[in-house]
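Here's the structure we're looking at; comments come further down.
The values are calculated or read from the model by the stated rules, or taken from the named source; none is laboratory data. Note that the structure is predicted; figures quoted are calculated from it, not measured. Backbone-built Cβ (ideal geometry, glycine too); neighbour counts: all protein chains shown.
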Ligand SMILES: Cc1cc2nc3c(=O)[nH]c(=O)nc-3n(C[C@H](O)[C@H](O)[C@H](O)COP(=O)(O)OP(=O)(O)OC[C@H]3O[C@@H](n4cnc5c(N)ncnc54)[C@H](O)[C@@H]3O)c2cc1C
Ligand code: SF4
């Protein structure tokens, strides 16, 4: 591994200043993704700025019913937080479906949102990859792409974003509070990650060195239920092949509120706005949910090896919405 310098600032402004002085620097949170990539030679920072001493480690319910989640909160702590379990089960379930207990104890909210794709070619520095080395090509299109995107991809990249947390946050209309050399700002989680287009190396809309301080959740909409479902190759310690996060309210058999996000299908959490529009005000039935998902997934452009993800996502999201509508409890997925 390449030698690097190390700093552990105690305030956000100092952390941002350190990154501004050193374009080759990286923030280090739990290190569960960054350190792996350093060992593989994919990341070669000359400075690590450890965020472990920053004061963004609390989950704070707000007086308006919202929630402020520090970027340094560990995935395990957020999943187990009583307010989250009571008011945002979709968030707790998404976190508990990710990685393993040990990883969740180390991984942070900020790091989970900015973790990199698990595309095999991206992680192998002997292979070309437009995301890692722009202009070198995308071997995944004709090679191994079973896990990769069916929505929003481009000829330059078909990678998916691996985070479960981000999918739940997309359905919850979360916001991300940041600090950069130009000052603080807030952006919608649905604008944080980017589709690849001509520049798959531009994965998100943060400025160089911009630090995530916290994630904000609005107050839960009245009478809503929420849940997260994930399909993966094994029951624990595996990334999603498809996932769905939903927040739903039903009154007199009609959908009065719906927010739906699909995971592992694109380079960002896929907010299913077409399905949402089709459902709002209509019947809360399995047939209607299935039709809305069919409409959403007409945008899918699968590759020869990952077409199975389209019906998988369709059926998974339809089942989730149906169970939320009928009050069925989503099965708990507490993994080891
Ligand atoms: C075997 C394995 C299985 C996994 N399975 C899953 C899974 O099923 N679902 C899932 O969602 N995840 C999964 N993960 C990913 C794991 O959750 C991530 O590695 C973890 O969330 C990253 O968090 P971290 O705090 O360790 O980030 P780090 O590795 O420290 O950082 C990741 C990136 O985020 C940047 N960063 C970190 N914090 C900030 C901040 N506050 N502001 C700006 N930039 C920041 C870093 O510079 C780095 O680029 C898995 C990981 C492994 C190793
Ligand atoms: S899909 Fe994206 S990350 Fe994977 S090889 Fe192609 S360009 Fe690289």
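Being buried (at least 17 other Cβ atoms within 10 Å of the Cβ) and farther than 27 Å from residue 133 by Cα holds for only one residue in 80, 99, 107, 29, and it is 99.
Given the condition under 21 Å from the mean Cα position of the chain (by Cα), modelled with pLDDT of 95 or more and near ligand 2 (Cβ under 9 Å from one of its atoms), answer yes or no: does some residue in region 160-183 qualify? Step through it out loud before you land on a result.
Keep residues of region 160-183 that are under 21 Å from the mean Cα position of the chain (by Cα), which gives 160-179.
Filter again for modelled with pLDDT of 95 or more, leaving 160-179.
Subset that is near ligand 2 (Cβ under 9 Å from one of its atoms): 160.
There is at least one residue in region 160-183 that is under 21 Å from the mean Cα position of the chain (by Cα), modelled with pLDDT of 95 or more and near ligand 2 (Cβ under 9 Å from one of its atoms).
Based on what the data block shows, is residue 264 surrounded by 14 or more Cβ atoms within 10 Å (Cβ to Cβ), within 11 Å of ligand 1 (Cβ to nearest atom), without any contact (Cβ under 8 Å) to a residue 60 or more places away in the chain and within 21 Å of residue 110 (Cα to Cα)? It is false that residue 264 is surrounded by 14 or more Cβ atoms within 10 Å (Cβ to Cβ), within 11 Å of ligand 1 (Cβ to nearest atom), without any contact (Cβ under 8 Å) to a residue 60 or more places away in the chain and within 21 Å of residue 110 (Cα to Cα).
Filtered by the rule that a residue be in contact with a helix residue (DSSP H, G or I) (Cβ under 7 Å, 6 or more places away or on another chain), in a loop (DSSP other than H, G, I, E, B) and closer than 21 Å to residue 99 by Cα, region 52-71 gives a lone residue, 71. Tally the residues that are assigned to a strand (DSSP E or B) and either away from ligand 1 (no atom under 12 Å from the Cβ) or closer than 16 Å to residue 111 by Cα (or both), restricting the search to region 167-208. Counting residues in region 167-208 that are assigned to a strand (DSSP E or B) and either away from ligand 1 (no atom under 12 Å from the Cβ) or closer than 16 Å to residue 111 by Cα (or both) gives 13.
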